[in-house]
Amino acid sequence: MTSMDLHVSPLGRVEGDLDVRVTIEDGVVTSAWTEAAMFRGFEIILRGKDPQAGLIVCPRICGICGGSHLYKSAYALDTAWKTTMPSNATLVRNIAQACETIQSIPRYFYALFAIDLVNKNYAKSKLYDEAVRRFAPYVGTSYQKGVVLSQKPVEVYAIFGGQWPHSSFMVPGGVMGAATLSDVTRSIAILENFKDNWLESDFLGCSIDRWLANKTWEDVLAWVDENESQYNSDLGFFIRYSLDIGLDKYGKGVGNYISTGTYFDPSLYRNPTIEGRNAALIGRGGIYAEGNWYEFDQANVREDVTHSFYEGSRPLHPFEGETIPIDPEKAKKQGKYSWASRRATRSRGWVTCRWRPARWPAGWRPPARTRHRTRTTIRCSSTSSTRSGRRC
Amino acid sequence: MASVLWLQGGACSGNTMSFLNADEPNVVDLIVDFGLEVIWHPSLGMELGNQAQKIFKDCASGARKMDIFVFEGSVIEGPDGSGRMDMFADRPMKDWVVELAAQADVVVAIGDCACWGGIPAMEPNPSSSTGLQFHKRAKGGFLGPNFTSKAGLPVINIPGCPAHPDWITQIIVALATGRLGDITLDDLHRPETFFKTFTQTGCTRVQFYEYKQSTMSFGEGTRTGCLFYEFGCRGPMTHSPCNRILWNRQSSKTRAGQPCYGCTEPEFPHFDLAPGTLFKTQKVAGVIPKETGTGTKKLSYLAASAAAKLAAPDWSKEDMFVV
């Protein structure tokens, strides 16, 4: 048996600071450790500050998803202070958050992920030259267009919130600005343009509705072959290329997924509460584990720092959480190896994938009210599960 | 043609995300038209692990030419000066910073964390974060007050939380096209072309400031009024071009009804976000703003305010930014 240890430091392009250690035996990864390498201490910094300080500070946890931290910080304050949310404020928060999410799709896919597809190790594939033409860093045709256009959805965020990244325009009880006619019409035009000139034309090769009609993997495979436009879109090509280079054969996650859900029906969440949250969600949350679906209940969440560079080894609910950092050199002697903690739901002790693809299987239930929503679902037969960074 | 090595310390990557929003030039233009060579970047670089480490080692030893060293995020010195709270390529990131800063022609700090310590340096500064050449307003930081790069410059600071894409791309283009001499720096090492004006310069609400008409109801669209008097806007005290060069080609905080938080100044976040300081103008005797616009004198300011209020036209007391 041949055994090899590989330490990848740094593992770039994860929107975080990550090292990976793997042991490979006879060509198969038998153990993998992801080590978050950097600490700033937000939980410690926020103590003793103005209760609204999270609106300024929490977005700075992350630059690509900072708005999601603002969104949740605002709702935490709404819940704690029992505010009443005007309908338009709920809608504006939803729209802004959706725009941040949409921005991250081409930005992540082309700039952070797809350049790996031009790795020389894949050169034997008949589709390799095409992959290079589309995805090569900085010069790929799809790379250039997708990365530059990724800035468009967050123009809408700036219309409502002043700027992106790092606005703090969501405040307890609503949002700071109210739209004018030109704000609304301009926002619609920007998103229509984005849809026509990238999402449906280049990425999908079909309408959003056609893509959303796919319900199974078999549907997706049939979709690829359905016509030339879909076959040759970036997504159609990506699926074909991934199958050709074998990405469907390794790097599968554990198969359990968790999502807390997002976007609220304005009529069902006028007074945000913990108990009322699940029922008000448009983008459903939930847990998909061992083939079954379960409701997400925040009371079951535990954070475990046994293997993390903090004092403590008991799983604690986040409300009871402690953040006492330890020097990594000392901590490693206690078997701790990362600044990231492990989160699980208590009742089954499942390990779940909280990364981007989790939103799809975990949230696959009808929304609070049946309504058409614009969403792209990317079924990534992605590389190893260690691609998830600290912040995702 | 200029080569850039861009690393991140105690960072969120917000400046990178802002940079990717650049337009005219956009990121692709920079590389294809302006001949920028991105040696490596943590979000964009192809190389991982040992392949990436070779790049860093070659730049650090001088074996590979590196024109510009860009640092985003704070320099983390914790715990206890070891730097182990930010490990990168098997060493504390701060050790890489020392070696790379010594080799580059020009060193650029992008964003508040790299300029002054930023958010991670808020009390109690759990990671012992600091800026490259400043800690808040005090000159020094990690590299020390006397540091100069090979081209004889101190660290060039492009602050903001995040920095605007144009502040980044246009300085890089200037450096890359040999227009270093056109860049004048203020006493905080910020390029004056961006940082001599105020956030208030070009604010759409400035007429309400002029007539001392305050927004009274926060968040109700702020369809009228100035945010300085009640809601803690730091526009008159903050050096930025936010209302001259718009964000995302659309707007700015104050145009969208949000107070300026003063994020291009070293004290950001101001008052350390102590209880009662957020979205709230700090006042003396509940009436007079503690801080008035940069350069104003309190007594003459009060006299001007009284006169301005008297002169205020009726429209300044009504909604203006309407549907």
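Conditions (1) within 14 Å of another protein chain (Cβ to nearest Cβ); (2) in a loop (DSSP other than H, G, I, E, B), marked per residue:
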residue: A:A178; (1), (2): yes, yes
residue: A:S182; (1), (2): yes, no
residue: A:S187; (1), (2): yes, no
residue: A:N193; (1), (2): yes, no
residue: A:S201; (1), (2): no, no
residue: A:W211; (1), (2): no, no
residue: A:L221; (1), (2): no, no
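If I filter the stretch B:300-315 for residues that are open to solvent by less than 10 Å² (accessible area, probe 1.4 Å) and outside any loop (DSSP other than H, G, I, E, B), do I get at least one hit? No: zero hits. For A:K249, the conditions (1) at pLDDT below 95; (2) surrounded by 16 or more Cβ atoms within 10 Å (Cβ to Cβ); (3) in a loop (DSSP other than H, G, I, E, B) are fulfilled apart from (2). When each of B:D29, B:D58, B:D67 is tested for being free of Cβ contacts under 8 Å to residues at least 24 places away in the same chain and within 24 Å of the chain's Cα centre (by Cα), the lone residue that passes is B:D29. For the stretch A:275-294, the set of residues classified as farther than 17 Å from A:G255 by Cα and among the charged types (D, E, K, R) consists of A:E275, A:R277, A:R284, listed by residue number.
Considering A:G174, A:G162, which residue is within 7 Å of chain B (Cβ to nearest Cβ), out of contact with any Leu (no Cβ under 9 Å at 6 or more places or on another chain), touching a residue at least 60 places away in the same chain (Cβ under 8 Å) and open to solvent by less than 20 Å² (accessible area, probe 1.4 Å)?
Values: A:G162 fails: touching a residue at least 60 places away in the same chain (Cβ under 8 Å).
Checking each option against the conditions leaves just A:G174.
Just so you know, in the stretch B:235-277 the residues that are under 20 Å from B:G117 (Cβ atoms) and over 13 Å from the mean Cα position of the chain (by Cα) include one that is nearest to the other protein chains (Cβ to nearest Cβ), and it is B:L273.
Among the residues of the stretch B:8-24, are any within 10 Å of chain A (Cβ to nearest Cβ) and in a strand (DSSP E or B)? Yes, that holds for at least one residue.
Okay, residues lined up against (1) surrounded by fewer than 20 Cβ atoms within 10 Å (Cβ to Cβ); (2) outside any strand (DSSP E or B):
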position: A:Y288; (1), (2): no, no
position: A:F296; (1), (2): no, yes
position: A:S313; (1), (2): yes, yes
position: A:A331; (1), (2): no, yes
position: A:Q334; (1), (2): yes, yes
position: A:A340; (1), (2): no, yes
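Considering the stretch A:37-143, there are no qualifying helices (runs of 4 or more DSSP H) wholly inside with 3 or more residues that are basic (K, R), away from chain B (no Cβ under 11 Å) and open to solvent by 10 Å² or more (accessible area, probe 1.4 Å).
Note on the stretch B:88-142: residues that are under 23 Å from B:I183 (Cβ atoms) and not small (G, A, S) total 18.
Looking only at residues in the stretch A:1-36 that are assigned to a loop (DSSP other than H, G, I, E, B) and more than 9 Å from every other protein chain (Cβ to nearest Cβ), the one that is least open to solvent (accessible area, probe 1.4 Å) is A:G27.
The values are calculated or read from the model by the stated rules, or taken from the named source; none is laboratory data. The model shown is predicted, which means the values in this text are computed figures rather than measured ones. A quick note on method: Cβ atoms are made from the backbone with ideal geometry, for glycine too, and the neighbour counts reach across all protein chains shown. Heavy atoms of the whole protein, side chains included, go into the accessibility calculation; ligands, DNA and RNA do not. Shrake-Rupley method; radii C 1.70, N 1.55, O 1.52, S 1.80 Å.
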